[in-house]
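The next block holds one structure in the form of structure tokens; read it before the comments.
Every read-out reported here was derived from the displayed coordinates using simple, explicitly stated rules and does not represent laboratory data. Being a predicted model, the structure only gives us computed values, none of them experimental. No Cβ is skipped: glycine too gets one built from the backbone with ideal geometry, and neighbour counts run over all protein chains shown.
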Amino acid sequence: QVQLAESGGGLVQAGGSLRLSCAASGRTFIDYAMGWFRQAPGKEREFVAAISPYHSTTYYTDSVKGRFTISRDNAKNTGYLQMNTLKPEDTAVYYCAAKASSYGLTSPQYHYWGQGTQVTVSS
């Protein structure tokens, strides 16, 4: 089993940057895919980025390509989402997720979820 805890959210002006962290418990973190999802008020949860286990293949939704970078540090059992050139439409609660799979990483069928961290981008 895996327990996840996000941190690093906050308020930033448009064009600024934030780095979200997702700390995972336990061992064999390298076996798990990690994903980032976000949910804005009144909207459904949407996929943002994901990184596969072992080979660290990355996936991004079109709206964040070139601005966000997902990464992982298996030695620290931590995943990251670097968010640059933030836009007001990026405002949402961001959730990290994990599952022991290399498949379906862009869909919300993950086994483990963090509590979420608020990201607010002002204009």
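Data for the structure
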{"quantity": "Electrostatic dipole magnitude of the chain [Cβ: Lys, Arg +1; Asp, Glu -1; Cα centre; debye, to 20]", "calculated": "140"}
{"quantity": "Full-extension gain in nm, Leu11 to Lys65, via 0.36 nm per residue minus C-alpha separation", "calculated": "17.3 nm"}
{"quantity": "The chain - percent relative contact order, Cα under 8 Å, separation 6 or more", "calculated": "37"}
{"quantity": "Extreme residue, positive dipole direction of the stretch 28-67, given options Ser56, Trp36, Gly66 (C-beta unit charges)", "calculated": "Gly66"}
{"quantity": "Shape category assigned to the stretch 74-122 from the gyration tensor of Cα positions, a/c cut at 1.5", "calculated": "prolate"}
{"quantity": "DSSP-defined beta bridges in the chain - what % are antiparallel, rounded to 5", "calculated": "90"}
